[in-house]
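Asks: What follows is a single structure, and I will ask about it in a moment.
The values are calculated or read from the model by the stated rules, or taken from the named source; none is laboratory data. A quick note: this is a predicted structure, and the numbers were derived from the prediction, not measured. Virtual Cβ from ideal backbone geometry, glycine too; neighbours counted across all protein chains shown.
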Amino acid sequence: MTAERLVAMRRWAGLAILLLWTASLILPVFTTCRAGYDHVGGWFLLMFGWFGILMLIPAWFANFFVLAVATILVLEMRPPIWLGLLGAILAATAWWWTAWQDDTGAVPICHYHAGYWLWLAVAALAAIVPILIRRARTQPG
């Protein structure tokens, strides 16, 4: 792969990650089994997700790593593999998230929606792209 194509691929991959991450904020993330939290959007979780630390779910911090990988790619630099992997590992802790905590206690989550799945996919993409870029760079030709 030529150096010019690799640089272009980095920029497009970074823009794709940013676009998909933004879409995950717009889409609904979950619905609880009790009325009051119907189709909660990703933007709401971005604002209040840091409370998950109190429940030992550090998934919210994955946003920083995903955005760091995307920004490095858009700036046409090569992101470190560990940055994407750490983001994906933190995002994977969202699998532990089965209830929404509010002032009445734990409210079970009945359905995860597109925003949840897209956010997890973006975190995985932010882990895979640096590996693919490193691999493409080391390929002969």
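Asks: Out of the residues in the range 43-70 that are more than 12 Å from the chain's Cα centre (by Cα) and of a type in the set (Val, Ile, Thr), which is modelled with the lowest pLDDT?
Replies: ILE53
Asks: Given the residues TRP82, TRP117, which is the only one that is modelled with pLDDT of 95 or more and under 17 Å from LEU25 (Cβ atoms)?
Replies: Working: TRP82 fails: under 17 Å from LEU25 (Cβ atoms).
It is TRP117.
Asks: Quick one: is ALA99 at pLDDT 90 or above and not basic (Lys, Arg)?
Replies: Numbers: at pLDDT 90 or above: no; not basic (Lys, Arg): yes.
Criteria not met by ALA99.
Asks: Would you check which residues across the range 7-47 are more than 17 Å from GLU76 (Cα to Cα) and of a type in the set (Gly, Ala, Ser) and list them? Break it down stepwise before answering.
Replies: Here is the first cut: in the range 7-47, the ones more than 17 Å from GLU76 (Cα to Cα) are 20-47.
Those that are more than 17 Å from GLU76 (Cα to Cα) and of a type in the set (Gly, Ala, Ser): ALA23, SER24, ALA35, GLY36, GLY41, GLY42.
Asks: Can you tell me which residues in the range 1-17 are closer than 30 Å to GLY49 by Cα and surrounded by fewer than 18 Cβ atoms within 10 Å (Cβ to Cβ)?
Replies: Here is the first cut: in the range 1-17, the residues closer than 30 Å to GLY49 by Cα are 10-17.
Answer for the range 1-17, where residues must be closer than 30 Å to GLY49 by Cα and surrounded by fewer than 18 Cβ atoms within 10 Å (Cβ to Cβ): ARG11, TRP12, LEU15, ALA16.
Asks: Could you grab me the full set of residues in the range 91-131 that are part of a helix (DSSP H, G or I) and free of Cβ contacts under 8 Å to residues at least 40 places away in the same chain? First the steps, then the outcome.
Replies: Narrowing the range 91-131 to residues part of a helix (DSSP H, G or I): 91-96, 114-131.
Result: ALA91, ALA92, THR93, ALA94, TRP95, TRP117, LEU120, ALA124.
Asks: Any residue that is over 13 Å from the mean Cα position of the chain (by Cα), exposed (fewer than 15 other Cβ atoms within 10 Å of the Cβ), closer than 23 Å to ARG135 by Cβ and of a type in the set (D, E, K, R) - is there at least one of those in the range 89-102?
Replies: no
Asks: So if I check each of THR22, THR31, which one is over 14 Å from ILE133 (Cα atoms), of a type in the set (Val, Ile, Thr) and in a helix (DSSP H, G or I)?
Replies: Only one candidate qualifies: THR22.
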